Amino acid sequence: MPREFGFWDFLLRWALSCAAVLGSYNPYTFSYYRWVTEVDGFASLKMFVGLVLLVLHLVCLVASVRSLGLVGVGLMTALLGSGAWVLADNSLLNIEDPSVFGLTLLTLLSTVYGFGISWSHIRNRLSGQVDSNDITQTSSI
């Protein structure tokens, strides 16, 4: 019997989406973009890592759109953006610093990815519905 989807499962998926997004580009020094533009050599390794990151982004993007839908992705983005706005309004987030602003946007993207790749599990857990893939292994038919 498969175990239930929990908080740690979501946190792992969110951390992996953060690694994909922030590993591709971030306003600080360690990212794929900086590696490609500032370090000479390693062309084959750079190509391989770039393709791995591209595949990760496509998997996250497609899973998010399929799970949440375009409207859901838009609503999730608006919800997270308004949360960042509340933090900035209350001086808990300094978005006047371009690095912090960029990091905030990238964190919002990775959070949308995290919810997108986890949403079907969250929805099933909240509604109590069982996915057909879950019951085929224990079905008496």
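The values are calculated or read from the model by the stated rules, or taken from the named source; none is laboratory data. Quick caveat: nothing in here was measured; it's all calculated off a predicted structure. Ideal geometry is used to build each Cβ from the backbone, glycine not excepted, and the neighbour counts take in all protein chains shown.
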Next item on the list: Only residues in region 112-141 that are within 15 Å of V59 (Cβ to Cβ) count as the first member; pair them with residues that are modelled with pLDDT of 75 or more and of a type in the set (D, E, K, R), Cβ under 7 angstrom, at least 6 apart or cross-chain, and list the lot.
Entry: G114/R13; I117/R13; S118/R13
Next item on the list: Could you give me the residue pairs with C-beta distances under 7 Å whose first residue belongs to region 39-54 and is of a type in the set (G, A, S) and assigned to a helix (DSSP H, G or I), whose second residue is surrounded by 12 or more Cβ atoms within 10 Å (Cβ to Cβ) and modelled with pLDDT of 95 or more wherever it lies, and which are 6+ apart or on separate chains?
Entry: G50/Y32
Notebook entry, point to check: For region 1-20, which residues satisfy the criterion of being small (G, A, S) and assigned to a helix (DSSP H, G or I)?
Noted result: A15, S17, A19, A20
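Return the residues of region 37-88 that are in contact with a helix residue (DSSP H, G or I) (Cβ under 7 Å, 6 or more places away or on another chain) and either of a type in the set (K, R) or over 23 Å from F101 (Cβ atoms) (or both); say none if nothing qualifies. Steps first, answer last, please.
Initially, region 37-88 is screened for residues in contact with a helix residue (DSSP H, G or I) (Cβ under 7 Å, 6 or more places away or on another chain), giving 46, 49-50, 53, 56-57, 60, 63-65, 67-68, 73, 76-77, 80-81, 84.
Selection gives K46, V49, G50, L56, A63, V65, S67, L68.
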Check: Taking region 1-14 as the region of interest, how many residues are surrounded by fewer than 14 Cβ atoms within 10 Å (Cβ to Cβ) and either modelled with pLDDT of 95 or more or within 18 Å of S120 (Cβ to Cβ) (or both)?
Finding: 8
Item checked: Every residue from region 34-57 that is surrounded by 13 or more Cβ atoms within 10 Å (Cβ to Cβ) and more than 30 Å from W119 (Cα to Cα) -> R34, W35, V36, K46
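Please work out if G72 is in a helix (DSSP H, G or I), buried (at least 16 other Cβ atoms within 10 Å of the Cβ) and small (G, A, S).
Details: in a helix (DSSP H, G or I): yes; buried (at least 16 other Cβ atoms within 10 Å of the Cβ): yes; small (G, A, S): yes.
Yes, satisfied.
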Note to self: I need a count of the residues in region 33-70 that are on the phi < 0 side of the Ramachandran plot and more than 17 Å from the chain's Cα centre (by Cα).
What the structure shows: 17
Check: Is one or more of the residues making up region 21-33 of a type in the set (G, A, S), surrounded by 12 or more Cβ atoms within 10 Å (Cβ to Cβ) and in a helix (DSSP H, G or I)?
Finding: yes
Note to self: List the residue pairs whose Cβ atoms are under 7 Å apart, where the first residue sits in region 72-89 and is farther than 20 Å from S118 by Cβ, the second is charged (D, E, K, R) and at pLDDT 95 or above, and the two are 6 or more positions apart or on different chains.
What the structure shows: none
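Do we find a residue being at pLDDT 90 or above and touching a Phe, Trp or Tyr at 6+ places or on another chain (Cβ under 7 Å) anywhere in region 70-91?
As a first pass, look at region 70-91 and keep what is at pLDDT 90 or above: 70-91.
Add one more test, that the residue is touching a Phe, Trp or Tyr at 6+ places or on another chain (Cβ under 7 Å), and what stays is 76.
Looking for residues that are at pLDDT 90 or above and touching a Phe, Trp or Tyr at 6+ places or on another chain (Cβ under 7 Å), one finds at least one in region 70-91, hence yes.
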